[in-house]
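One structure is given below, encoded as structure tokens.
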Amino acid sequence: MRAAPLLACLVALLGAACSSDRSHLTSDWERDNAARLAKEGEEALPPQQLPAFPRQENLIRFFVSSASDFTFFVDRASISVKDKIVRYTMVARSSNGADNITYEGINCVAGEYRVYAFGRADGTWQSRPGLWKEISPRSVQRWHNALQREFFCPNRVAVSEAADAVRALELGGHPWVKPDSTGGSGSR
């Protein structure tokens with residue numbers, strides 16, 4: 001009969017161990033990157049208000065690659081520019097007509113992009129801010145490169161306002177983009 005008090009004592013000790021505060025336990029990587037984590041934590045919050053869900057009449061088509069099965073659009077009503085970051089809603093439409101919708105930002109100076117939210121089939125946003133990622137010129141996902149180089153950040157300089165970005169999309173490229181030797185813009 002002595003087993004019952006001993007068992008109760010063990011359960012109490014186990015419960016205390018499981019509920020102890022372990023917030024002081026951090027990995028070496030977390031300690032070495034504390035400033036980075038704090039900065040990304042602040043930035044990870046989406047803009048105060050996500051844009052209205054894109055409407056067909058506001059979509060401007062832009063060219064990415066003839067090798068892509070997708071057609072790409074930016075919602076003109078969603079474009080904003082602040083602190084050299086261009087934010088916009090992009091729609092990638094498959095050849096079957098399915099839309100992949102994201103609300104993103106491009107940091108023109110750093111050459112990075114970030115996804116803030118994903119569009120749901122019911123016409124609402126799912127806010128899932130990601131980390132900033134490098135825009136690679138040789139990436140299979142060329143749409144970020146096209147938006148950065150040809151429309152929003154010519155020569156790594158952010159457009160000054162949303163109207164400049166809309167104009168560049170409507171013209172098929174920003175006027176500052178230098179043509180390559182074939183007579184087109186650098187990546188078209």
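The values are calculated or read from the model by the stated rules, or taken from the named source; none is laboratory data. The shown structure was predicted, so the numbers you read here are calculated from the model rather than taken from an experiment. FYI the Cβ positions are ideal-geometry reconstructions off the backbone, even for glycines, and counts take in every protein chain you see. What goes into the accessible areas is simple: the full protein's heavy atoms, side chains included, and nothing from ligands, DNA or RNA. Shrake-Rupley method; radii C 1.70, N 1.55, O 1.52, S 1.80 Å.
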Checklist line | Alpha-carbon Rg with Dmax, taken over the stretch 52-97, Å | finding: 11.8, 37
Note to self: Taking amide H atoms as placed 1.01 Å from N in the peptide plane, list the residues 5 or more away in sequence, or in a different chain, whose amide H sits under 5 Å from that of I79.
What the structure shows: T89
Next item on the list: Sort Y113, Y88 by accessible area with a 1.4 Å probe, largest first.
Entry: Y113, Y88
Checklist line | ³J(HN,Hα), Karplus 6.51/-1.76/1.60, whole Hz, each residue of the stretch 153-163, x for Gly, Pro | finding: 9, x, 6, 6, 10, 5, 4, 7, 7, 4, 4
Item checked: Among H144, N58, P175 - extreme Cα towards positive end, dipole of the stretch 48-188, charges at beta-carbon -> H144
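Kirkwood hydrodynamic radius (Cα pairs, Å) of the stretch 62-188?
Taking every pair of different Cα atoms in the stretch 62-188, averaging 1/r and inverting gives 14.8 Å.
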Next item on the list: With a point put 7 Å past each Cα toward its Cβ, work out how far V140 is from R61 in nm, to one decimal.
Entry: 2.5
